[in-house]
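Enquirer: Can you keep this structure in mind? I'll have questions shortly.
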Amino acid sequence: MNVAAERTPLLRVEGLSAGYGEMLALREASLEIYPAEIVALVGSNGAGKTTLLRALSRVVRSTGRIVFNGHDLDVLTPDEVFGLGLVQVPEGRQLFDRMTVQDNLLMGAYRRDDKAAVLRDLDRMYAMFPRLKERTRQLAGSLSGGEQQMCAMARALMAAPVLMMVDEMSLGLAPVVVEQLMGVLDAIRDEGVTVLLVEQDVQLALSTADRGYVLETGRIVHSGPASELIDDPAVRQAYLGL
Amino acid sequence: MDLFAQVLVNGILLGGLYAVMALGLALVWGVLNIVNLAHGAFIMLGAYVSWYLYTGAHIDPFLGLPISAFVLFVLGYALQRGLLNLVVRAPMFNTLLITFGLEVVLTYLAQIAFSADFRTINPPYAGNSWQLGPVTVPVVRFAAFVVAIVLTIGMWIFLLRTRLGRAIRATAQNLVAARLYGVEPRHLYAMTFGLGLALAGAAGGLYGTVSQINPYIGGTLTAKSFAISIIGGLDNPLGVIVGGLFLGVVESLTKLYIGPTYGDVASFGILLLVLIVRPSGLLGRTA
């Protein structure tokens, strides 16, 4: 991705620190994401990945700079950040369990007023996830784990994201389902949506992403093209058990 | 047998009104987790709005319903924005305290403003009725029943089909996710409470056409709405219709066969039974 370096980043994070009370879960993290990239943010449990996402969504307070698409996020509310197209697929899916699949997808488009475009996107989602199309009237809580993850991703896409942040997508899912979901990420990137993939499964994330950042106890310790990171001896030893 | 049929019809007609009374309480309870102990007092206010519209401006009580619903909606939105948002998702006890306080304040303000006199809304057609075989159907009660059922089903469709309705259900189910997708909870809660009170306002107008109004009717109406919400479950407005009809019929039959003073014993006895046997309500999902 040498081309990427010459473009302006979609998201630029500089010296970001955030935490809960006295404890800093994230220290001086800096990263950049360019348009239509898939960037992996990897690290083990407790490394600060989710805190970084929360800081980006402005759910936790932070110091440092976050610039998204020319806007300083520091001063915005979660609501306004969402309005700029920074959309999360939360860890654990967080579907509306007792609502139908279709209603879940429509909730993704809650803030959109262009009704015709929303309906077009709904059709697009059903084309992208045929499994969901078979289950439009089924309650989201009754879906299988893989289908629920599809539903969560489709719901996020219904919000017309500029940057989609996917938190722990693979957790608890069968490898064949994960592979299918990775294919979907590729497809939506081809449509121009940028993806920040936050994963504990380092191998998986780096084999799909263009570039990667490795978080360890709140600091970014490695970064670079995913193909280089996956071959980096330090990364291999720490995360891949090789 | 004729008497039984008549009492059954009376019970069903009353049950429709009960359903719309309880619907506002159930909506607020389900979404905001506030058991609004002042719900009956708001029904009382709605009844007085209708009464003043009728006696002061000669607006037919049924045509006045949208006005009293709107007045109560505005009051509800403002109360939620200014006061009740402080206790949303707070421990249940706080919400009970604050709404109980509201009930006391509203009742005494009503006593000062409207006096303790009993009032009735008596449109010219108040005495009319239809004779269906052995059964007499009073026109006003029938109209109140129809309006109540239409309102309840309308609310159901609103919750299922509209963007705001979906957001209300979504917020009730998963606040975190709803916020992630751009729901602004303070506004949404205020809309929900406003809608709950709008239903109370309409229910009050209907109540005024079939029964007497005084400032103290609130407590009993809250208790009945509570019982119906429990019996019908909080998930589904149709459950509230079933709960309302059930309570109306059981109360009427109890009054006929056991004694007029035992109506409330029957309704709260059933409430206890439902809580023991089927805590999620007759139509609610099983826990």
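The values are calculated or read from the model by the stated rules, or taken from the named source; none is laboratory data. Just so you know, these numbers come straight off a predicted model, no measurement behind them. Positions of Cβ are backbone-derived with ideal geometry, glycine not excepted, and every protein chain shown enters the neighbour counts.
Enquirer: Restricting to segment B:116-128, what's the tally of residues that are without any contact (Cβ under 8 Å) to a residue 60 or more places away in the chain and either surrounded by 15 or more Cβ atoms within 10 Å (Cβ to Cβ) or over 23 Å from B:Ala5 (Cβ atoms) (or both)?
Expert: Count: 3.
Enquirer: Right, here's the next one. Go through segment B:175-287 and tell me which helices (runs of 4 or more DSSP H), entirely inside it, have 2 or more residues that are surrounded by 22 or more Cβ atoms within 10 Å (Cβ to Cβ).
Expert: Values: elements: B:175-180, B:185-210, B:218-232, B:237-257, B:263-277.
Helices (runs of 4 or more DSSP H) meeting the threshold: B:175-180, B:185-210, B:218-232, B:237-257.
Enquirer: Right, next: From the residues in segment A:49-95 that are within 14 Å of another protein chain (Cβ to nearest Cβ) and small (Gly, Ala, Ser), which one is surrounded by the most Cβ atoms within 10 Å (Cβ to Cβ)?
Expert: Once the filter is applied, the top-ranked residue is A:Ser57.
Enquirer: How many of the residues making up segment A:125-149 are among the hydroxyl-bearing types (Ser, Thr, Tyr) and crowded, with 17+ Cβ neighbours inside 10 Å?
Expert: Matching residues across segment A:125-149 total 1.
Enquirer: Right, next: Among the residues of segment A:105-121, how many are more than 8 Å from chain B (Cβ to nearest Cβ) and either aromatic (Phe, Trp, Tyr) or under 20 Å from the mean Cα position of the chain (by Cα) (or both)?
Expert: 3
Enquirer: From the list A:Ala29, A:Ala18, pick out the single residue that is free of Cβ contacts under 8 Å to residues at least 60 places away in the same chain, closer than 19 Å to A:Glu91 by Cβ and more than 15 Å from the chain's Cα centre (by Cα). Let's see the steps before the verdict.
Expert: On the way: A:Ala29 fails: free of Cβ contacts under 8 Å to residues at least 60 places away in the same chain.
It is A:Ala18.
Enquirer: Is it true that B:Ala203 is aliphatic (A, V, I, L, M) and away from chain A (no Cβ under 13 Å)?
Expert: In short, yes.
Enquirer: Checking A:Leu122 against (1) without any contact (Cβ under 8 Å) to a residue 12 or more places away in the chain; (2) crowded, with 17+ Cβ neighbours inside 10 Å, only one condition comes out false. Which one?
Expert: Unmet for A:Leu122, out of (1) without any contact (Cβ under 8 Å) to a residue 12 or more places away in the chain; (2) crowded, with 17+ Cβ neighbours inside 10 Å: (1).
Enquirer: On to the next question. Of the residues that make up segment B:159-178, is at least one within 14 Å of chain A (Cβ to nearest Cβ) and in contact with a Lys or Arg (Cβ under 7 Å, 6 or more places away or on another chain)?
Expert: Yes, some residue in segment B:159-178 is within 14 Å of chain A (Cβ to nearest Cβ) and in contact with a Lys or Arg (Cβ under 7 Å, 6 or more places away or on another chain).
Enquirer: Please find, among A:Glu147, A:Glu168, the residue that is outside the structural domain of A:Tyr110 (by TED's automatic domain parsing) and in contact with a helix residue (DSSP H, G or I) (Cβ under 9 Å, 6 or more places away or on another chain). Working first, answer last.
Expert: On the way: A:Glu147 fails: outside the structural domain of A:Tyr110 (by TED's automatic domain parsing).
On inspection, the qualifying residue turns out to be A:Glu168.
Enquirer: Residue under question is A:Gly46, and the condition is that it be exposed (fewer than 15 other Cβ atoms within 10 Å of the Cβ) and either in contact (Cβ under 8 Å) with a residue 40 or more places away in the chain or away from chain B (no Cβ under 12 Å) (or both); does it hold?
Expert: Yes, satisfied.
Enquirer: Could you list, in sequence order, all residues of segment A:1-43 that are at pLDDT 90 or above and of a type in the set (D, E, K, R)?
Expert: A:Arg12, A:Glu14, A:Arg27, A:Glu28, A:Glu32, A:Glu37
Enquirer: Next question. Taking B:Val88 as the residue in question, decide whether it is at pLDDT 90 or above, at negative phi and surrounded by fewer than 24 Cβ atoms within 10 Å (Cβ to Cβ). Give the steps one after another, and end with the answer.
Expert: Numbers: at pLDDT 90 or above: no; at negative phi: yes; surrounded by fewer than 24 Cβ atoms within 10 Å (Cβ to Cβ): yes.
Criteria not met by B:Val88.
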